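Undergrad: Below you'll find the structure I mean.
The values are calculated or read from the model by the stated rules, or taken from the named source; none is laboratory data. Since the model is a prediction, treat every value here as computed from it, not as a measurement. FYI the Cβ positions are ideal-geometry reconstructions off the backbone, even for glycines, and counts take in every protein chain you see. All accessible areas refer to the heavy atoms of the entire protein, side chains included, with ligands and DNA or RNA removed. Shrake-Rupley method; radii C 1.70, N 1.55, O 1.52, S 1.80 Å.
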Amino acid sequence: MSGLPPFETHCVDNQPPDFAPRDLWSTDIALREAIQANGAGGFAGDIAAYARLAGDTLYRLSFDAHRDRPQLRTHDRFGHRIDRVEFHPSYHAVMQAAIEHGAAGLSWRDGRPGAHVARAALSYLHCQVEPGTSCPLTMTHAAVPVLRREPGLREWAEKATAPHYDPREVPIADKAGITLGMGMTEKQGGSDVRANTTIATPLGSPGEYALVGHKWFFSAPMSDGFLVLAQAPGGLTCLLMPRRMPDAAKNAFRLLRLKDKLGDWSNASSEVEFTGAWARRIGEEGRGIATILEMVMLTRLDCMLGSAALMRMALAQALHHCRHRHAFGKPLIEQPLMRNVLADLAIETEGALSLSMRVARAVDAAPGDPREAAFARIATAIGKYWICKRAPAFVNEAQECLGGNGYVEESLLPRLYRQAPLNSIWEGSGNIQCLDVLRALSKEPETGAALWDELQGAGAVVDTTIGRLRAPLMEQAPFDEAGARRLVEDVALALQASVLVRSGSPMADAFCRSRLAEPHRLAFGTLASGIDTDAILVRAL
Ligand SMILES: Cc1cc2nc3c(=O)[nH]c(=O)nc-3n(C[C@H](O)[C@H](O)[C@H](O)COP(=O)(O)OP(=O)(O)OC[C@H]3O[C@@H](n4cnc5c(N)ncnc54)[C@H](O)[C@@H]3O)c2cc1C
């Protein structure tokens, strides 16, 4: 056979090179500016190191962690209940990297100002490459202030902030670091947790209870402990339920099955029954919702960051493809209509990132600044609603920029697309966020005042827009529930514009013109002529 030419049918041409490895820090000017603008410049070196790891090793590992979904083993080979979830080794490697770099604990263990913003940046980077693991990471992070309320739970709080990942199923005394989950949603009601029927019966010792009941959604069930809502004699109460008892015995709960989910495949979400599980009360009986809300405020911030991250990664993939792919005689990125689409997506991405980081700064400042605390309270609900709502349509648009390749798993875009709707559903769905904004405005007038303060004086376009928002924000007018989404959308856009203007972002003008001066059209890629798409794309690239 020698001497014959090799049998090649065609030359592979006009396809982009591999996306990764990619330095997610040096390629993201908006992130670098946001870190500085929000007082976390001192953490830049740590964030940059994680960005390089995320865009290389973690990006690679994420494909296995996602494809080989977690498996529930209810029993061992002899028939004993074990209720264990097994993961691909890449899942553990990704978790380990995130925890060691501070994606769950940095904000609580580093006393420097800006630590919450720095942790938010780590979370933003992490979610770009492996958003499934963000669920146990965010719950671990968000549980800390609740655990710190109880002096008896100091070991739990300290180990939740530690830079150590230990997936072994042993009592926490044998571990240097732990993870946490959360159980609120039951079959008969998730948004309305007052409908919870799980019973917490006091045991002999003070603060100790036995749980009987169920949870319909119970994510990260291999966590070391869970904050659970249950009905105690004094009403709905927050309790910490460990996975293993101090003597290493298995606590009395059963994992029934794992949810077969649209996306979020690397993360296990289970259904669980409590069969007399031992738990310890946090806060007073009857104060469960108020207690756990402190945790939920923080997980909602991570939903904003998570959606902003999905948008950023989807945009980066779209830009990469369009730079290298030619059609009709030139690179896609030089086609005027494609430039309009990409520029519009870039504007949206920066609005999402800037608002998320501004809220992280408010969380940082909140303990010593009531105005920032009030701002964080209401801006979290506004941002959670709007940014998470924008993500699915955004990711689909970015996917389309890749043409057929964007519909194929290896491109990452299908994974981002399946993940995108989740942030708007969990941790309080869209309507719940909008109703929460109305509740804050009517019951906590300092929130409306903080918002108004933030919006004023951010330039002519923002000032013109916010005129009609003064009454709802400042006068606690009777609210029309049915109109809550209209109000929150208006406030969200004004807030994103104001944050961009105040931070001196070169995107501010384009954001104001395309989202405030005239209403944005229903599809992306509808920027009016006169917006400088060249400058926007140079920045985004
Ligand atoms: C993958 C995944 C993982 C999850 N993990 C966990 C977990 O670990 N722990 C946990 O506790 N929960 C978890 N959840 C549950 C999640 O938080 C709930 O599904 C969510 O809060 C909505 O509750 P629900 O499903 O009961 O819907 P419902 O409460 O029935 O709401 C359905 C819809 O009605 C809307 N609605 C509700 N009340 C009103 C109203 N008054 N006015 C207008 N509209 C309203 C909601 O916004 C929503 O759109 C998870 C969910 C998913 C999808």
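Undergrad: Efficiency by 1/(1 + (r/R0)^6): what FRET value for PHE328 and ALA20, r their Cβ-Cβ distance, R0 = 45 Å, to the nearest 0.05?
TA: 0.95
Undergrad: Check the straight Cα-Cα distances from LYS261 and name the aspartates and glutamates below 18 Å, setting aside those fewer than 8 residues away within the same chain.
TA: Hits, sequence-local ones excluded: ASP64, ASP68, GLU86, GLU130, GLU186, GLU271, GLU409, GLU427.
Undergrad: Something else about it: Any idea of the accessible area per residue across segment 133-239, 1.4 Å probe, to the nearest Å²?
TA: Value for segment 133-239: 36 Å² per residue.
Undergrad: Of CYS401, SER411, SER424, which is farthest towards the positive pole of the chain's charge dipole, taken about the Cα centre with +1 and -1 on the beta-carbons of Lys, Arg and Asp, Glu respectively?
TA: SER424
Undergrad: Another question about this same structure. Given labels modelled 7 Å from the Cα in the Cβ direction, how far is it in nm from ARG439 to GLN71?
TA: In this crude label model, ARG439 to GLN71 measures out at 4.2 nm.
Undergrad: Give, in whole angstrom and from largest to smallest, the semi-axes √(5λ) of the equivalent ellipsoid of segment 15-170, with λ running over the eigenvalues of the Cα gyration tensor.
TA: 29, 24, 9
Undergrad: So, one more: Each residue of segment 80-96 in turn: what ³J(HN,Hα) in whole Hz from Karplus with 6.51, -1.76, 1.60 and θ = phi - 60°, glycine and Pro shown as x?
TA: 6, 6, 10, 6, 10, 10, 9, 10, 4, x, 5, 4, 5, 5, 5, 4, 4
Undergrad: State, as an integer percentage, the relative contact order of the chain based on alpha-carbon contacts under 8 Å between residues 6 or more apart.
TA: 13
Undergrad: Return one whole number: the accessible area per residue of segment 452-541 in Å², for a 1.4 Å probe.
TA: 50
Undergrad: If you don't mind, there's one more thing I want to ask. Per q in 0.05, 0.09, 0.12 Å⁻¹, report the Debye log10 I(q)/I(0) for the chain, using one uniform scatterer on each alpha carbon and no solvent.
TA: For the requested q values the scattering log ratios are -0.21, -0.65, -1.13.
Undergrad: What Kirkwood hydrodynamic radius, in Å, does segment 398-439 give when the mean of 1/r is taken over all pairs of distinct Cα atoms and then inverted?
TA: 12.0
Undergrad: Continuing with the same structure: For an R0 of 30 angstrom, estimate the FRET efficiency from the Cβ-Cβ distance between LEU541 and VAL408 and round to the nearest 0.05.
TA: 0.80
Undergrad: Once you have the Cα-Cα distance between HIS164 and PHE479, take 0.36 nm times their residue separation minus that, and quote the gain in nm to one decimal.
TA: Additional length available on full extension: 108.7 nm.
Undergrad: Using only protein heavy atoms and a 1.4 Å probe, report how much of ASP532 is accessible, in Å² to the nearest 10.
TA: 90
Undergrad: With a ≥ b ≥ c the root eigenvalues of the C-alpha gyration tensor of segment 1-67, is it rounded (a/c under 1.5), prolate (a/b larger than b/c) or oblate?
TA: In terms of gyration-tensor shape, prolate.
Undergrad: Can you give the FRET efficiency for VAL12 and ALA523, using 1/(1 + (r/R0)^6), R0 = 35 Å, r = Cβ-Cβ distance, to the nearest 0.05?
TA: So, using R0 = 35 Å, E works out to roughly 0.60.
Undergrad: Okay, moving on. What's log10 of I(q)/I(0) for segment 418-519 at q = 0.11, 0.24 Å⁻¹, Debye sum over Cα points only, no solvent?
TA: -0.36, -1.23
Undergrad: Per-residue counts of other Cβ atoms within 10 Å, averaged by peptide: what ranking do you get for 409-415, 129-135, highest first?
TA: By packing density, highest mean first, the sequence is 129-135, 409-415.
Undergrad: Hey, could you get me the Stokes-Einstein D for segment 333-407, Kirkwood radius over alpha-carbon pairs, 10 °C and 1.306 mPa s, rounded to whole µm² s⁻¹?
TA: In µm²/s, the coefficient is 112.
Undergrad: Carbon and sulfur atoms: what percent of the 1.4 Å accessible area of the chain do they account for?
TA: Accessible surface attributable to carbon and sulfur in the chain totals 53 percent.
Undergrad: List the relative contact order of segment 246-317 as a percent without decimals, with contacts defined as Cα pairs under 8 Å and 6+ residues apart.
TA: Over segment 246-317, the number comes to 24 percent.
Undergrad: Which net charge results for the neighbourhood of LEU495, defined as the other residues with beta-carbon distances under 12 angstrom from its beta-carbon, given Lys and Arg at +1 and Asp and Glu at -1?
TA: In short, -1.
Undergrad: Take peptides 59-69, 173-183 and line them up by average Cβ neighbours within 10 Å, highest first, as a rough protection proxy.
TA: Packing proxy ranking, top to bottom: 173-183, 59-69.
Undergrad: Let me ask you something else. Output ³J(HN,Hα) for segment 328-339: one whole-Hz value per residue in order, computed from phi by the Karplus curve 6.51 cos²θ - 1.76 cosθ + 1.60 with θ = phi - 60°, and x for Gly and Pro.
TA: 6, x, 8, x, 3, 5, 9, 7, x, 6, 5, 4
Undergrad: Step through the table entries LYS175/LYS389; LYS384/LYS443; LYS159/LYS389; LYS259/LYS443; LYS175/LYS384, compare each Cα-Cα distance with 28 Å, and write down the pairs that go over it.
TA: LYS175/LYS389; LYS159/LYS389; LYS259/LYS443; LYS175/LYS384
Undergrad: Through the Karplus equation 6.51 cos²θ - 1.76 cosθ + 1.60, θ set to phi - 60°, convert the phi angles of segment 390-398 into ³J(HN,Hα) values in whole Hz; use x for Gly and Pro.
TA: 6, 4, x, 5, 4, 5, 4, 5, 5
Undergrad: Now for a separate question. Quick one: putting +1 on the C-beta of Lys and Arg, -1 on the C-beta of Asp and Glu, what dipole do you get for segment 123-250 around its Cα centre, in Debye to the nearest 20?
TA: Approximately 140 debye in magnitude.
Undergrad: Around ILE178, which amide H atoms from residues at least 5 apart in sequence, or from another chain, sit under 5 Å from its own amide H, with H modelled in the peptide plane?
TA: Close amide H contacts, sequence-distant or interchain: ALA160, ALA162.
Undergrad: By accessible area of protein heavy atoms, probe 1.4 Å, what ranking do PHE217, PHE87 get, highest first?
TA: Correct descending sequence by accessible area is PHE217, PHE87.
Undergrad: Hey, can you find the accessible area per residue of segment 1-98 for me, probe 1.4 Å, expressed in square angstrom?
TA: Heavy-atom SASA per residue in segment 1-98 reads 58 Å².
Undergrad: Which value, in nm² and rounded to one decimal, describes the direction-averaged projected area of the C-alpha convex hull of segment 181-316?
TA: Value for segment 181-316: 9.1 nm².
Undergrad: Let me ask something additional. Could you order LEU153, LEU72 by accessible surface area, starting with the largest, using a probe radius of 1.4 Å?
TA: Output order, biggest surface exposure first: LEU72, LEU153.
Undergrad: Same structure again: With a sphere of radius 12 Å drawn around the Cβ of GLU409, what net charge do the other residues whose Cβ falls strictly inside it have (Lys, Arg +1; Asp, Glu -1)?
TA: +2
Undergrad: Projecting each Cα onto the charge dipole of the chain (Lys/Arg +1, Asp/Glu -1 at the beta carbon, about the Cα centre), which of GLY467, TYR209, ASN14 comes out farthest on the positive side?
TA: TYR209
Undergrad: Which order do peptides 286-294, 249-257, 357-365 fall in by mean Cβ count within 10 Å, highest first?
TA: Taking the mean over residues of other Cβ atoms within 10 Å, the ranking is 357-365, 286-294, 249-257.
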